[in-house]
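Below: one structure, written as structure tokens.
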Protein chains: 2
Amino acid sequence: MPLTQYTENPRYLRLHEADNVAVIVNDGGVAAGTVFGDGLRVCDSIPQAHKVALRAIGEGEAVLRYGQVIGTARRAIPEGGWVQESDLVMPTPPALDALPRCTEVPPDAPPLEGYTFEGYRNADGSVGTRNLLGITTTVQCVAGVLDHAVQRIRDEILPRYPNVDGVIALSHDFGCGVAFDTPDVQIPIRTVRNLARNPNLGGQALVIGLGCEMLQPAQVIAEQGSGLQLQDPWLYRLQDAQHGFAEMIERIMALAERRLAELDRRRRETCPASALVLGMQCGGSDAFSGITANPALGFASDLLVRAGATVMFSEVTEVRDAAHLLTARAKDEEVAEALIREMDWYDRYLERGHSDRSANPSPGNKAGGLSNIVEKTLGATVKSGHSAISGVIGPGERAERKGLLFCATPAGDFVCGTLQLAAGMNLHVFTTGRGTPYGLAMVPVVKVSTRTELARRWPDLIDVDAGRIASGESNVEEVGWELFRFYLDVASGCKKTWTEVHRIHNSLALFNPAPLT
Amino acid sequence: MPLTQYTENPRYLRLHEADNVAVIVNDGGVAAGTVFGDGLRVCDSIPQAHKVALRAIGEGEAVLRYGQVIGTARRAIPEGGWVQESDLVMPTPPALDALPRCTEVPPDAPPLEGYTFEGYRNADGSVGTRNLLGITTTVQCVAGVLDHAVQRIRDEILPRYPNVDGVIALSHDFGCGVAFDTPDVQIPIRTVRNLARNPNLGGQALVIGLGCEMLQPAQVIAEQGSGLQLQDPWLYRLQDAQHGFAEMIERIMALAERRLAELDRRRRETCPASALVLGMQCGGSDAFSGITANPALGFASDLLVRAGATVMFSEVTEVRDAAHLLTARAKDEEVAEALIREMDWYDRYLERGHSDRSANPSPGNKAGGLSNIVEKTLGATVKSGHSAISGVIGPGERAERKGLLFCATPAGDFVCGTLQLAAGMNLHVFTTGRGTPYGLAMVPVVKVSTRTELARRWPDLIDVDAGRIASGESNVEEVGWELFRFYLDVASGCKKTWTEVHRIHNSLALFNPAPLT
């Protein structure tokens, strides 16, 4: 872990001994003239989570956080000065053709044995943490009818099947009116297909199609491994209806009842922790994300990897500036190559849209003290802990191996979450500094706050408060173990997350880089 | 109108005297060997809505439908032969720099006076056909919480306000994680803003934001004309919650109640037909779309234009091949320029994504007898009737003038529908051949079938059967007048469409050409 230093009230956090800036910890920030215990006098009023210069920084000099350059000073910054976004010239991202490969692969840590959870075993070897009826769609045209049917299934049928946790429609904007002749369209196609195979849906969702859409059911039903074929009874096309809307609803309800009866017979069984597929994400980030919540996630991630589980981190634009740190940790050449391939694809995708990764930090990120994408990146990659990177998953692909994986997704919360679901995620963890109430219908979402102030304000939304790491009440290791144990309890269904309690279900959001026609 | 000819059973339809192909009308198609009343002998079995060669067509010869070239024959086609997709070499689309401009502007038809409907007058001059509480969002993060609140508003508050027709959440995938530094991002931004101003929401939706998102409430609340400011009481940001989820729900419900009380005081008033803003669309099209339903829409569109209303047709890729026919009908140079500008933007958008307009027809279109985009286009543009084109609306923009307007949108049903809502549509009409149950929450959707067989099968989804035009039971003029009167009845709320009866509400789908970050 990076060196953590702070003085008593007023407090700041320095993360690495080479750093020439530190982060203000006090709620409400510090006023100009405040003197820290070590004698540092603040010469500007600085908000919480923003950066103070620990010593004078000359114009053009590197500004260091996490021991890494987050920019060079655009102007001379006095000791005790507020280091703001406008004060930093952003470094260029590491060139992809000159990255170190596999030069710092961490050795395997000793296996962590004996940890289990109670899950639902699927025929394809995956394990569900919930037992849900999923009904997917080939095209948005059918979503209105499906919503109507799902409401009636919930009200009229589901109560008879108490071992099923819920019924969800996998609706999306895709399926027609898209350039199906481009290679990029494979991303949303495989996403829809793999979402339907999420472990929490018992391995396969029902499929509702229209009939004339571009995305045909054959592309949604995976021929390999699922045991389902195109003419499978789990499929229904609305255009086959001979008796209008009434028949559509009846047919969907009948299909659902048949599948609910199957799902209802399932029972939880003791499964090794290695059956967990955790998706990690951060959203509404602030400068504490990289100090408290994300390091705790990284610690828990290392524990999961030692237990043989699958752990995914994501968000290409939020690791792009740390590319050199990731390729160095790649387990082998193939993984390093895959990392570079995905980042290169994304560079070109942004370029084609006349943008680059600097468009990432949001106004909220900046208000939260994150000056630019480099600083945000360093804080975000801390989530990945210290394990070797053992695999890379393209957007929409399914995770086929264990260990720490990079799932190459956009950084938007809901798009990233959707792609992690397609990758086979059965548990989601989400760190937030500014606060976001985002939830998913398909998997439990564990919410971790970066600051205690947020956890106090939102006691019915934040599951774990990592702000205790900044206040000194706890530390990364303690919160990391707490998270690890909480993951297993939530996976077993014996604890529920707040998003489950309130049924906060954000929609799926597909990543479709292909043009609309 | 094009020349319509058909013989008795078995029947075909020829649309223009120059045509060398005709469309098979009989349900179930015709078998090889069938002889039509005029002596034409079919030499292949041809499905309904597919094309028969009326005389031998030589290799390389033009194939004509609607009196226009839909392709050249790839092989010699015998008289009575089935003309399939693979038989046609598609013509190149008209070059945008050599189009005729304003060369065939139709003269204004005599005004149609005295037609009215009962609507809700808004402060901005627009008129609602329904009285809805809309609650919009700046970012998808808040959608899960909002859904929860909307459900409670519907159950607990709405019943006390009987003059309000419903409560809808304007949720979408946009708002963060997008390249906000690109010009293209203005399209979804203005779409979200203009959706909130749809006439059926009383002129302005409530706004629920998160707080740290890229799309800030100031960009959603139109400063001009709406009378709302950033600090307006109609706005609530979830990150302002001091007491978590419970407070979020309470605050949204309190806002909603205040707005419902206002909306509930409104009453319908007699308004001229000129206050209608009709959005026209076709989906799940077949070869009958351009013969029955779309010509009837075109006739009704001309009536509406004569009555002073606003009528929009859309779908750039479905008019691109008829660009020369549209620019010729442009009312003035400015309109012709705008048409060319929008088509040029779309050409470049597709090119950037390595596609072109040939990706448009879906497998269902093709199975329905539409060989290629040229043929689909000719059938689709018939919706626009014979009026002069008096304006062009960019994607996400609001219609600011009367008459026949081209609203430049992608062709996907739900994306086009969303952009027409943003343009200020207060009534939607949708023609379908293959059948689609698509509906919108914000406006009534009138469903028109291209074939009687579909209307018979789906009596609880199809509002008007235009298939009677093909069978000879009715004609374009009769069905056109029927549609015109039905529009006014539905707008007045004294008739409901089937999608309203069943509450079939497809989600909004934004058009976002900017890359995700």
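Any read-out appearing in this document is the output of simple, stated calculations on the displayed coordinates, not a laboratory observation. Because the structure is a prediction, the values reported are computed rather than measured. Every residue, glycine as well, gets a Cβ built from its backbone with ideal geometry; the counts of neighbours run over all protein chains shown.
Remarks
- Here A:Arg485 yields copy-to-copy label distances, from shortest upward, of 7.6 nm, the label point defined as 7 Å from Cα along Cα to C-beta.
- Qualifying lysines (Cα of each under 22 Å from Cα of B:Lys495; at least 8 residues distant if same chain): B:Lys447
- Inter-copy spacing of A:Gln242 label points, which lie 7 Å from Cα along Cα→Cβ, given in nm from shortest upward: 6.5
- Here A:Thr499, A:Thr409 are placed in order of increasing Cβ neighbour count within 10 Å, fewest first, which gives A:Thr499, A:Thr409.
- Based on C-alpha pairs under 8 angstrom that are at least 6 apart in sequence, segment B:132-264 has a relative contact order of 35 percent.
- Between 0 and 90 degrees, the angle of helix B:143-152 with respect to the longest Cα principal axis of chain B falls at about 80 degrees.
- Relative contact order computed over chain A (Cα-Cα under 8 Å; 6+ residues apart), in percent: 18
- Two-decimal Rg to Rh for segment A:1-104 - Kirkwood Rh, Cα set: 1.03
- When both bridge partners sit in chain A, DSSP labels roughly 40% of those beta bridges antiparallel.
- Axis proximity, chain B to A: residue whose C-beta lies nearest, plus whole-Å distance: B:Arg352, 3
- Candidate cross-link partners of A:Lys51 among the lysines, defined by an alpha-carbon separation under 17 Å and a same-chain spacing of 8 or more, comprise A:Lys366, A:Lys376.
- Here A:Thr103 yields copy-to-copy label distances, from shortest upward, of 6.6 nm, the label point defined as 7 Å from Cα along Cα to C-beta.
- Degrees separating the helix A:293-306 axis from the principal Cα axis of chain A, which is the longest one: 60
- Principal-axis analysis of the Cα atoms of chain B puts helix B:244-264 at an angle of about 70° to the longest axis.
- Radius of gyration (Cα atoms) of segment B:132-264, expressed as a multiple of 2.2 N^0.38 Å: 1.01.
- Per residue of peptide B:131-144, the mean number of Cβ atoms on other chains within 10 Å of the residue Cβ is 4.
- Ranked B:Trp345, B:Trp481, B:Trp234, criterion: other C-beta atoms within 10 Å, fewest first: B:Trp481, B:Trp345, B:Trp234
- Residues A:Lys495, A:Lys402, sorted so that the one with the fewest Cβ neighbours within 10 Å comes first: A:Lys495, A:Lys402
- Per residue, the average separation of C-alpha pairs within less than 8 Å and at least 6 apart gives segment A:275-502 a relative contact order of 31 percent.
- Distance between modelled label sites at A:Val501 and B:Lys495, nm, 7 Å Cα→Cβ extension: 5.2
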